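Reviewing the structure listed below.
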Amino acid sequence: EEQGEYMLQVKTIDFAGLVIGAPYSVCIPSSGLIGHPPGSGKTRAVALLHTRRRARTLVLCPGHHTGHWIQELATVGATGPDVEVLGFEDVDQNIDTWERVVVDEPQDIPWDVLSTVNGVAAAAKHVW
């Protein structure tokens, strides 16, 4: 591991008596951007990454997405005191420093909290 990166082992898939793919390793960066169409599993992927590499994590998202994030985190066992989900409208200047900040739908951050969200993200070690 270098600078927060770690290796993820990808395994073959056994399906209907066939072995699909080949095993390999991939380096997962400590920060990044996931951009895929709605419903493609971005939230689940981030939740699963949290279970593999637990860190004090804050998820910032539009208020109407908080329930979805909480459900996805719970589905993969990524709940506890080290993870919190907040709607953009609930972010304030007094928020703690988090090791990892996940910003979902950043294009929807209201202008009046944009600088606060930027400050929270800038203080984090890892930003997704």
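Roughly speaking, what is the stretch gain from GLN71 to GLU105, that is 0.36 nm per residue apart minus the C-alpha to C-alpha distance, in nm to one decimal? Kindly include the intermediate steps, with their values, before the conclusion.
On the way: separation 34, 0.36 × 34 = 12.24 nm, distance 1.73 nm.
Value of the extension gain: 10.5 nm.
Ignoring everything but the protein chains, give the 1.4 Å probe accessible area of TRP98 in square angstrom, nearest 10.
10 Å²
So if I place +1 on the C-beta of Lys and Arg and -1 on the C-beta of Asp and Glu, and nothing else carries charge, what would the dipole magnitude of the chain be about its Cα centre? I want it in debye, nearest 20. Can you show the working numbers first?
On the way: 9 positive and 16 negative charges, 116 e Å.
The dipole of the chain has a size of about 560 debye.
The values are calculated or read from the model by the stated rules, or taken from the named source; none is laboratory data. All figures in this text were calculated on a predicted structure; none of them were measured in a lab. Counting neighbours? That spans all protein chains shown, and the Cβs are built from the backbone with ideal geometry, glycine included. Remember, those area values only see protein heavy atoms, side chains included, never the ligands or the DNA or RNA. Shrake-Rupley method; radii C 1.70, N 1.55, O 1.52, S 1.80 Å.
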